[in-house]
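Here is the structure we will look at, set down as structure tokens.
The values are calculated or read from the model by the stated rules, or taken from the named source; none is laboratory data. The shown structure was predicted, so the numbers you read here are calculated from the model rather than taken from an experiment. Glycine gets a Cβ as well: all are built from the backbone with ideal geometry, and neighbour counts include every protein chain shown. These area figures cover heavy atoms from the full protein model, side chains too; ligands, DNA and RNA do not enter into them. Shrake-Rupley method; radii C 1.70, N 1.55, O 1.52, S 1.80 Å.
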Amino acid sequence: IDITGESGSPECAEPALTFDRAADFLLCVEGRESGRLLVQERYDAARENFLWELTGENPFVVFPAADSANFVPVTMALENNSIISASEALTLSAAELTRRRALGIWETGRLIHGNGDPTSADYNSLADFCFGEECVEIRLPWLLLNVADPSQPRAHSDYYEYYGVRSQRISEIWLGAGDGSEAIGLKPLPLQGWKFPSARERLKESYYVARDAWKGTLSHAF
């Protein structure tokens, strides 16, 4: 998946793949148990935004090359609720203090297989991808692809060219699929954006459970 022309690589070191244009993301699906989104390390939002809080390193001192072939898991930083008293802090080395204060991390790019149809008996509200007949359906949040505002549409620019998060207007994204036996070709998908999004209301099953509980006629099984 190529979001912008400012960064990305025409090859990936692991898994070993090549593309006919520089790609920003790589979505790997190997059966129902293995779905994962990888990002070219220079376009990794977690690194630019939270490297200092994660490791104590300044992300802008040394940063990945624009054409780096290293793709890393898409992650997000987690809150660190540990409390270190002033007296305890005085007994810790700088390295240990940094480690204790560091934020946690969660791999948001790890995908879950399941049925996203709420009318299905095996419905899974957390499902990210599902296999069908000669196809696989995948749904990803826009922000996971560094698209800050899909209605415009606008995506993150090169973090190290502009020293932080800056968005740019995009008119298309490039998508390709392959098994790695040859270079993967990418084709453009035009983006139109919107002014007023369309929506369809759907009540979750928990609504009926809560409604029946308040009415005193609870009949749904938890």
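Worth pointing out:
- In summary, the lysines within cross-link reach of Lys187, defined as a Cα separation below 30 angstrom excluding same-chain residues under 8 places away, comprise Lys195.
- In a DSSP loop and with at most 10 other Cβ atoms within 10 Å, the trypsin sites (Lys or Arg not before Pro) in the stretch 108-216 are Arg139, Lys195, Arg200, Arg202, Lys204.
- Net +/- balance of residues flanking Ala23 in space, Cβ distance below 10 Å, scoring K and R +1, D and E -1: -3
- For the stretch 1-105, the set of chymotrypsin sites (Phe, Trp or Tyr not before Pro) satisfying both a DSSP loop assignment and a count of at most 15 other C-beta atoms within 10 Å is given as Phe60.
- Its Cα centre serving as origin, the chain has a Cβ charge dipole (Lys and Arg +1, Asp and Glu -1) of approximately 980 debye.
- Selection from Asn124, His113, Trp142, by position along the positive dipole direction of the stretch 93-152 (Cβ): Trp142
- Only Lys, Arg (+1) and Asp, Glu (-1) charged, at Cβ; the stretch 1-54 dipole about Cα centre in debye: 100 debye
- Residue among Ala23, Phe196, Trp52 farthest towards the positive dipole end of the chain, charges placed on Cβ: Phe196
- Counting Lys and Arg as +1 and Asp and Glu as -1 over every other residue whose Cβ lies under 12 Å from the Cβ of Glu6, the net charge comes to -3.
- In the chain the longest region clear of GluC sites (Glu not before Pro) that are loop-assigned by DSSP and have at most 10 other C-beta atoms within 10 Å covers 80-132.
- Karplus 3J(HN,Hα) series, Hz, for the stretch 156-164 with 6.51 cos²θ - 1.76 cosθ + 1.60 (x for Gly, Pro): 4, 8, 5, 4, 8, 6, 10, 6, x
- Within-13-Å neighbourhood charge of Ala102 [Cβ basis; K, R +1; D, E -1]: -1
- Distant-in-sequence amide contacts of Ala23, defined by a placed amide H-H separation under 5 Å and a gap of 5 or more residues or a different chain, comprise Ser9, Glu11.
- Taking all protein chains as they are arranged and a probe of 1.4 Å, the heavy atoms of Val29 leave approximately 50 Å² accessible to solvent.
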